[in-house]
Structures are given as C-alpha cells and as structure tokens.
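Engineer: Dropping a structure here in structure tokens format, bear with me for questions.
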Amino acid sequence: MAEPLVSDELWAVVEPLIPKHVASQKGGRPRLDDRKVLTGILFILRSGIPWEMLPQEMGCGSGMSCWRRLMEWQEAGVWDNLHHELLNRLRAADLIDWSRATVDSSSVRAVGGGEKTGPNPTDRRKPGSKHHILTDANGIPLSDTLTGANRHDVTQLLPLIDGIPPVGGKPGHPKNHPDEVYADRAYDSEPHRKELRKRGIEPHLAKRNQEHGSGLGIFRWVSERTLAWLHNFRRLRIRFDRDDEIHHAFLKIAESIICFRMLQTRFC
C-alpha cells in the first residue's frame, strides 16, 4: 500500500503551526478538515495536475477549496514557519553542516506569465521564473528566492544569505550564516565578495574569463541536486499559477518536505 501523503509524523509537525479556525455562529457548510486539505495540496504539488482536476474521491474537497486554504496559510506564514521548525530539528540532530553553503538557480517556464516572471534568455524569451536556492554542505535548503527568469543570479546572492532564518535547536545563540559560500561564474562580483566578508563569510566564487576546472564543482554539486529534488515535485517544473505567492508557497512546501525526509532518514 502506498504511504499517505501526510503521514502521522509530518502532521505532528504541521498541525501546531496552523492557525486555529473559529467556527461561524451563522451556521453554513462545515469547514474541511485541515489534514485532508493538506493532502490535496501535496497531491497537486507532487502530481502537477490543475486545481480543478483534483479527484473528488480523495475526500480533500475541491481544488478551489485547497487553493484558498493554501493562500490562507501562506498569508499566515505557515510554510515559512514549517521550514524554520524543520531546520531547527535538523540542527538539533547535527544534520546541518554550516562549514560551507552553495548557491544556484534554475529557470522554469511560466505559462500565462504573472508576477515575478520575465523573458527567459535560455527559452527564446518566453515568460519564465527562476528558483534561487542556498543549501548547506549536505544540500539542505536553507533559503530561497523567486524572481523573473531574466534576473541575473548574482542579484540574489545577498538576499539568499540574509534570508537564512536564525536556526536554533541547540543551546546558545541561533545560527544564521555559513562559514564559506561556493558559487559558479554567474556570481562573480568583487562588491559581493566584500559584502560576504563583512558578514564573516569567506566567498569562493568562480571567476569569469578563466579556464574551466576551478575545482569548486566538488562542493557546488549539492545545490544542483537539491534543485533536481525540488523539480521532482511536478508543480514546480512549470509555473501555472499567475500569483507569485501561490508558486512560492509550493516552493517552500517542497523545501520543507526535503528537510523532513532528511530528518526521517536520520532516525530510520
């Protein structure tokens, strides 16, 4: 039998983060169960099907009901809080390697355009978005940004670094930056190197106009693998949602699932 999309272990992490709903005194249709709605959201994320094609026999309500709940929880910060909570647990289990971080990006086509899209220079200038990701040395996603496909990678380097939440899980001060950062030639910038050093981070950014074979690839490959993991969630391979908040919510959920799997692997 296939494993449930929302296991008891995953639900135990998510449920405390969901705002409590106060039932209306005016009656009306009962609110759909949160766990069932989350199952519908994860099914859309993993399968990539349109909202309106969500199978009714799953008991998750309509696709539009799941869409509204996804947006409601996004506005309440549930997905950011879920990712943060899982990072705390990963650090408590000594699974985050802060010795170095890697940065990379990947473009996806945006059907119908929308916010945070732009002409993709690698796809005949068709509308697209770009997923920017920063991982630890093991490929654990620490932060992300979503931009149009025409935004240069280096513009997101500092937002990714500054976007790492303060990760607790251990006594003492939370940790929110790696010791070193590795990135390819797209991030070659002296001003950015200076800014990283101001933050106490040693930059290892490949330089342009030099022969290939810098050796940085032996560290950078983990971010490419994490992007591949993210795009195994089919809803992230092509952007169908014009609203950038919906697409970013899917991105954050996928990162959280990756973190949860890494945590589960540690204790299996």
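Engineer: If you scan region 62-88, which residues turn out to be surrounded by 19 or more Cβ atoms within 10 Å (Cβ to Cβ) and in contact with a helix residue (DSSP H, G or I) (Cβ under 6 Å, 6 or more places away or on another chain)?
Structural biologist: Gly63, Cys66, Trp67, Arg69, Leu70, Gln74, Val78, Trp79, Leu82, His83, Leu86
Engineer: So which of Val37, Val108 ends up being of a type in the set (Val, Ile, Thr) and either farther than 20 Å from Arg235 by Cβ or touching a residue at least 40 places away in the same chain (Cβ under 8 Å) (or both)?
Structural biologist: Within the list Val37, Val108, the selection yields Val108.
Engineer: Just to be sure before I move on: is Thr147 farther than 22 Å from Cys259 by Cβ and under 15 Å from the mean Cα position of the chain (by Cα) in the structure I sent?
Structural biologist: Against the criterion (farther than 22 Å from Cys259 by Cβ and under 15 Å from the mean Cα position of the chain (by Cα)), Thr147 qualifies.
Engineer: Identify, from the list Glu195, Glu180, Glu190, the residue that is charged (D, E, K, R) and within 14 Å of Thr102 (Cα to Cα).
Structural biologist: Just a single option satisfies the conditions, and that option is Glu180.
For every residue, the table says whether it meets (1) touching a strand residue (DSSP E or B) at 6+ places or on another chain (Cβ under 8 Å); (2) charged (D, E, K, R); (3) farther than 27 Å from Trp51 by Cβ.
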{"residue": "Met71", "(1), (2), (3)": "no, no, no"}
{"residue": "Trp79", "(1), (2), (3)": "no, no, no"}
{"residue": "Thr102", "(1), (2), (3)": "yes, no, yes"}
{"residue": "Pro127", "(1), (2), (3)": "yes, no, no"}
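Engineer: Condition test on Pro159, is it surrounded by fewer than 16 Cβ atoms within 10 Å (Cβ to Cβ) and closer than 25 Å to Lys116 by Cβ? Talk me through it step by step, then tell me what you get.
Structural biologist: Working: surrounded by fewer than 16 Cβ atoms within 10 Å (Cβ to Cβ): yes; closer than 25 Å to Lys116 by Cβ: yes.
Against the criterion (surrounded by fewer than 16 Cβ atoms within 10 Å (Cβ to Cβ) and closer than 25 Å to Lys116 by Cβ), Pro159 qualifies.
Engineer: Conditions: (1) modelled with pLDDT of 95 or more; (2) aliphatic (A, V, I, L, M); (3) assigned to a loop (DSSP other than H, G, I, E, B). Ala23 meets all but one. Number of the miss?
Structural biologist: (1)
Engineer: Return the residues of region 231-246 that are crowded, with 21+ Cβ neighbours inside 10 Å and within 24 Å of Asp136 (Cβ to Cβ); say none if nothing qualifies.
Structural biologist: Listed by number, the residues that qualify are Phe233, Leu236.
Engineer: Let me ask you something else. Report yes if Ile44 is part of a loop (DSSP other than H, G, I, E, B) and either among the acidic types (Asp, Glu) or closer than 24 Å to Arg261 by Cα (or both), otherwise no.
Structural biologist: no
Engineer: Suppose the filter is outside the structural domain of Arg234 (by TED's automatic domain parsing), closer than 30 Å to Asp153 by Cα and surrounded by fewer than 18 Cβ atoms within 10 Å (Cβ to Cβ); does Gly48 pass it?
Structural biologist: It is true that Gly48 is outside the structural domain of Arg234 (by TED's automatic domain parsing), closer than 30 Å to Asp153 by Cα and surrounded by fewer than 18 Cβ atoms within 10 Å (Cβ to Cβ).
Engineer: I want to confirm something. Restricting to region 91-136 and keeping residues that are surrounded by 14 or more Cβ atoms within 10 Å (Cβ to Cβ) and hydroxyl-bearing (Ser, Thr, Tyr), which single residue is farthest from the chain's Cα centre (by Cα)?
Structural biologist: This residue is Thr117.
Engineer: Within region 167-178, is even one residue under 23 Å from His231 (Cβ atoms), touching a residue at least 24 places away in the same chain (Cβ under 8 Å) and basic (Lys, Arg)? Please lay out each step first, then the result.
Structural biologist: We begin by selecting, within region 167-178, every residue under 23 Å from His231 (Cβ atoms); these are none.
No: zero hits.
Engineer: Determine if region 209-222 includes at least one residue that is within 24 Å of Phe260 (Cβ to Cβ) and of a type outside the set (Asp, Glu).
Structural biologist: Taking every residue of region 209-222 in turn, at least one turns out to be within 24 Å of Phe260 (Cβ to Cβ) and of a type outside the set (Asp, Glu).
Engineer: Can you name every one of the helices (runs of 4 or more DSSP H) wholly within region 153-268 that holds 3 or more residues which are more than 19 Å from Asp104 (Cα to Cα)?
Structural biologist: Here the list reads 190-198, 244-267.
Engineer: OK, next. Restricting attention to region 15-34, does a residue exist that is in contact (Cβ under 8 Å) with a residue 24 or more places away in the chain, farther than 30 Å from Leu196 by Cβ and surrounded by fewer than 14 Cβ atoms within 10 Å (Cβ to Cβ)?
Structural biologist: Yes, region 15-34 contains at least one residue that is in contact (Cβ under 8 Å) with a residue 24 or more places away in the chain, farther than 30 Å from Leu196 by Cβ and surrounded by fewer than 14 Cβ atoms within 10 Å (Cβ to Cβ).
The values are calculated or read from the model by the stated rules, or taken from the named source; none is laboratory data. In this text, all values refer to a predicted model and were calculated from it rather than measured experimentally. Every residue, glycine among them, receives a Cβ derived from its backbone with ideal geometry; neighbour counts consider all protein chains shown.
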